[in-house]
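**Student:** Got a structure for you, questions after.
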Amino acid sequence: MKAKVSRIALSLVIIAIYVAATTVSVKAWYPPKIQILSPCNMTYATSSVPLTFTINKVASWIGYSLDGQANVTISGNSTLTALQDGTHYVVVYANDTCGTMGSSNTVYFAIDTTPPDISDVRQFPSTDNVLPEDEVKVNATVTDDVSGVKLVTLFYAYANSSGTWIRVANMTRLEGNVWNGTIPNLPYGTNVTYTIFAEDNVGNSITTAEMGYDIHYPVIPEFSPFLVVSLFIMVTLSAVIVYRRKIRSDIVG
């Protein structure tokens, strides 16, 4: 009976050893499992992004491929540097101690370090023809090729005999890349200066002042001084002519 029990115990030990050996063998054959933690599927406002990841087993070699280029050997977590604006993708590879290679999933991300572009700034009426009753419509083309335009704002300052003020007006998208803002009508003799501010979806921003120009205009009267003088002369001459004709008519009569 004891001999039978001993044989059964021995068999169980042999089975356990076999299962353990088989499990170790399978684990050794199974490729490393790699998970990328950074970068994520998003847009970054920097040209350097951390490359961090986890591996579920000891690795004899680790590397990554950026945008399908040749593998770059690393010893662990690293940093992707000198990234150009635009979209990118990265894959991490690793060999275990048995030489079996594993790879991570492909992570797509984008870089945007450039502020929006502001161009084709136009106003209606033109800078030399703004009357006291006129609202000024300001249009600008604003583009951002990577993350997109988040907001466009019109800052304007105006001064006249009553003082100096600074105001802010949100600009709205008319169509496509054209944005519009409005400066209200202001009294005769007011001098107005304005600049346009634009920000993209990752926080890059710029103003037309930073681009090297501001726009300004004066509010002119409904009749320019030259026109007023001309009208005065014409009225005076007409009055003189009428007066002379009246005198002649009286003399003849």
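**Student:** Please report, in whole Å, how far the alpha carbons of region 110-152 spread along each principal axis, starting with the longest.
**Tutor:** So the three principal-axis extents are 48, 15, 10 Å.
**Student:** Which net charge results for the neighbourhood of G181, defined as the other residues with beta-carbon distances under 13 angstrom from its beta-carbon, given Lys and Arg at +1 and Asp and Glu at -1? All intermediate terms of the calculation are to be shown ahead of the outcome.
**Tutor:** Values: positive: R122, K137, R167, R173; negative: E135.
Neighbour charge sum, excluding G181 itself: +3.
**Student:** Also, I was wondering about something else. So how do 175-181, 163-169, 200-206, 125-131 stack up, highest first, on mean other-Cβ count within 10 Å? Before the final figure, lay out the partial values.
**Tutor:** Working: 175-181: 15.6, 163-169: 11.0, 200-206: 17.3, 125-131: 12.7.
My ranking of the peptides, most packed first, is 200-206, 175-181, 125-131, 163-169.
**Student:** Continuing with the same structure: Could you give the length gained on full extension between N129 and A82, defined as 0.36 nm per residue of separation minus the Cα-Cα distance, in nm? Present the calculation step by step, with values, prior to reporting the outcome.
**Tutor:** On the way: separation 47, 0.36 × 47 = 16.92 nm, distance 4.92 nm.
The N129-A82 span can extend by a further 12.0 nm.
**Student:** Another one. Compare the Cα positions of I118, A140, N185 along the charge dipole of region 117-225 (+1 at Cβ of Lys, Arg; -1 at Cβ of Asp, Glu; about the Cα centre) and return the one farthest towards the positive end.
**Tutor:** N185
**Student:** Report ³J(HN,Hα) in whole Hz for each residue of region 144-159, in order, from the Karplus equation J = 6.51 cos²θ - 1.76 cosθ + 1.60 where θ = phi - 60°; Gly and Pro get x.
**Tutor:** Coupling constants for region 144-159: 8, 6, 9, 8, x, 7, 8, 7, 9, 10, 9, 9, 9, 10, 9, 9 Hz.
**Student:** Using the eigenvalues of the Cα gyration tensor, what equivalent ellipsoid semi-axes result for region 117-225 when each is taken as the square root of five times the eigenvalue, whole Å, largest first?
**Tutor:** On the way: eigenvalues 154, 37, 23 Å².
After scaling each eigenvalue by five and taking roots: 28, 14, 11 Å.
**Student:** If you don't mind, another one. Report the percentage of all Cα-Cα pairs in region 40-87 whose separation exceeds 16 Å, rounded to a whole percent.
**Tutor:** Everything past 16 Å amounts to 46 percent.
**Student:** Suppose every Lys and Arg Cβ carries +1 and every Asp and Glu Cβ carries -1, with no other charges. What dipole size does region 117-225 come out with about its Cα centre, to the nearest 20 debye?
**Tutor:** Here region 117-225 has a charge dipole of around 240 debye.
**Student:** In addition: At 0.36 nm per residue, minus the direct Cα-Cα distance, what do H216 and S103 gain on full extension? Give it in nm, one decimal, please.
**Tutor:** Details: separation 113, 0.36 × 113 = 40.68 nm, distance 5.91 nm.
Full extension from H216 to S103 adds 34.8 nm.
No value in this document is a laboratory result; all are computed from the given coordinates. Predicted model only: the values in this text are computed from it and were never measured. Here the Cβ is made from the backbone with ideal geometry for all residues, glycine too, and neighbour counts use every protein chain on show.
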